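As structure tokens, the structure follows; a few thoughts come after it.
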Amino acid sequence: MARPYAGVDRAVRIGGRLACVSVLASLGVFVFESSVLHVHVERSMSRLRAPDGGGAPNVDRDRSTRLHWWPLRSDEHTLGVVALSDAVAQAVRCQPPRHAVATLDSILHRGLMSRNDVEDSIASLPKRYRFVRRLIDASAESGPETLMRLILRQLGLRYETQVPIDGVGRVDFLVEGWLIIECDSKAHHEGWTMQRRDRRRDLAAAQRGYVTLRPLAEDLFHAQGEVVAAVRGLIRTRRSR
């Protein structure tokens with residue numbers, strides 16, 4: 001039977017356990033960057049092996065691997081894989097805050113942990129990381145939705161998530177009662193059939209007095225300033241009427 005966790009064999013070959021975002025990505029959780037192998041090793045480990053065999057290079061300097069040395073808090077680990085609660089705590093420390101919140105949202109939305117268990121994992125971290133607890137929201141259906149929500153929060157705007165609108169359907173965000181924001185990704189909006197559906201939804205929304213903004217996932221990942229400017233421009237125009 002194939003192992004359920006991608007990379008676990010390489011982690012064990014190094015002399016540790018698969019950890020952090022590598023564990024979470026294998027479970028289908030949103031993580032911003034999963035190309036690097038994250039491995040937990042015990043502090044007592046003095047000799048580490050290469051992840052792909054053949055010699056013992058300096059793994060600390062290997063850009064394809066990131067080592068985690070912090071002590072684990074759970075003994076309930078699978079062979080070769082840290083416990084989910086430890087992977088969550090590691091991912092909060094390892095990622096920028098916005099990406100960490102998106103990961104936590106994804107864990108909750110997928111039902112992999114309860115909110116109490118997630119908060120317990122966060123509570124085990126140094127105080128400077130604990131602020132993310134008040135930012136998580138299980139209603140986010142994707143990483144881009146989390147990043148969009150954090151932008152709206154940053155701008156101090158009133159918003160609702162996953163809002164049903166008669167004649168339009170459910171929308172990702174309804175901002176200030178009139179601005180619909182849909183977070184588009186290639187996975188769910190590719191192809192002419194999907195684009196036709198989206199445009200017809202936008203027409204139906206416009207007929208009801210709504211304005212629709214569709215930021216791309218790649219812009220929410222790499223060009224948040226452009227998204228912020230677009231939202232501010234729409235809000236400013238509306239308020240100046």
Query raised in the report: How many residues, within the range 150-180, are aliphatic (A, V, I, L, M) and within 16 Å of Ala204 (Cβ to Cβ)?
Result: 7
Query raised in the report: Just to be sure, is Ala217 touching a residue at least 60 places away in the same chain (Cβ under 8 Å) and either within 15 Å of Trp178 (Cα to Cα) or of a type in the set (Gly, Ala, Ser) (or both)?
Result: yes
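Of all residues in the range 114-134, how many are in contact with a Ser or Thr (Cβ under 9 Å, 6 or more places away or on another chain) and surrounded by fewer than 18 Cβ atoms within 10 Å (Cβ to Cβ)? Break it down into steps so the answer makes sense when it comes.
In the first step, residues of the range 114-134 are kept if they are in contact with a Ser or Thr (Cβ under 9 Å, 6 or more places away or on another chain); the result is 117-118, 120-121, 124.
Those left that are additionally surrounded by fewer than 18 Cβ atoms within 10 Å (Cβ to Cβ): 117, 120, 124.
The number of residues fulfilling the criteria is 3.
Which residue out of Phe173, Phe221 is closer than 21 Å to Ile136 by Cβ, surrounded by fewer than 19 Cβ atoms within 10 Å (Cβ to Cβ) and among the aromatic types (Phe, Trp, Tyr)?
Working: Phe173 fails: surrounded by fewer than 19 Cβ atoms within 10 Å (Cβ to Cβ).
Only one candidate qualifies: Phe221.
When the range 78-88 is examined, which residues are found to be buried (at least 24 other Cβ atoms within 10 Å of the Cβ) and either outside any helix (DSSP H, G or I) or within 14 Å of the chain's Cα centre (by Cα) (or both)? Steps first, answer last, please.
Initially, the range 78-88 is screened for residues buried (at least 24 other Cβ atoms within 10 Å of the Cβ), giving 82, 86-88.
Across the range 78-88, the qualifying residues are Val82, Ala87, Val88.
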Report task. Output yes when any residue across the range 89-104 is over 12 Å from Leu24 (Cβ atoms) and either assigned by TED's automatic domain parsing to the domain that holds Pro215 or crowded, with 24+ Cβ neighbours inside 10 Å (or both), and no when none is. Result -> yes
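Sort through Pro144, Pro57, Pro51, Pro71 and tell me the only one that's modelled with pLDDT under 95, surrounded by 18 or more Cβ atoms within 10 Å (Cβ to Cβ) and not hydrophobic (A, V, I, L, M, F, W, C). Explain how you work it out, then say what you get.
Values: Pro144 fails: modelled with pLDDT under 95; Pro57 fails: surrounded by 18 or more Cβ atoms within 10 Å (Cβ to Cβ); Pro71 fails: surrounded by 18 or more Cβ atoms within 10 Å (Cβ to Cβ).
Of the residues listed, the single one that is modelled with pLDDT under 95, surrounded by 18 or more Cβ atoms within 10 Å (Cβ to Cβ) and not hydrophobic (A, V, I, L, M, F, W, C) is Pro51.
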Report summary line: Filtering the range 108-123 for residues that are touching a helix residue (DSSP H, G or I) at 6+ places or on another chain (Cβ under 9 Å), in contact (Cβ under 8 Å) with a residue 24 or more places away in the chain and in a helix (DSSP H, G or I) leaves a count of 6
Report summary line: Selection over the range 131-147 where residues are under 16 Å from Pro96 (Cβ atoms) and of a type outside the set (Gly, Ala, Ser) yields a count of 7
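Table: residues versus (1) under 22 Å from the mean Cα position of the chain (by Cα); (2) more than 20 Å from Val101 (Cα to Cα); (3) of a type in the set (A, V, I, L, M); (4) at pLDDT below 95.
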residue	(1), (2), (3), (4)
Arg153	yes, no, no, no
Ile165	no, yes, yes, no
Gly177	no, yes, no, no
Glu182	yes, no, no, no
Ala187	yes, yes, yes, yes
Ala206	no, yes, yes, no
Ala217	yes, no, yes, yes
Phe221	yes, no, no, no
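Would you point out which residue out of Arg196, Arg201 is within 27 Å of the chain's Cα centre (by Cα) and farther than 22 Å from Pro96 by Cβ?
Unique residue meeting the criteria: Arg201.
The values are calculated or read from the model by the stated rules, or taken from the named source; none is laboratory data. Remember, it's a predicted structure, so these values are computed and weren't measured experimentally. So basically every Cβ, Gly included, is an ideal-geometry build from the backbone, and we count neighbours across all protein chains shown.
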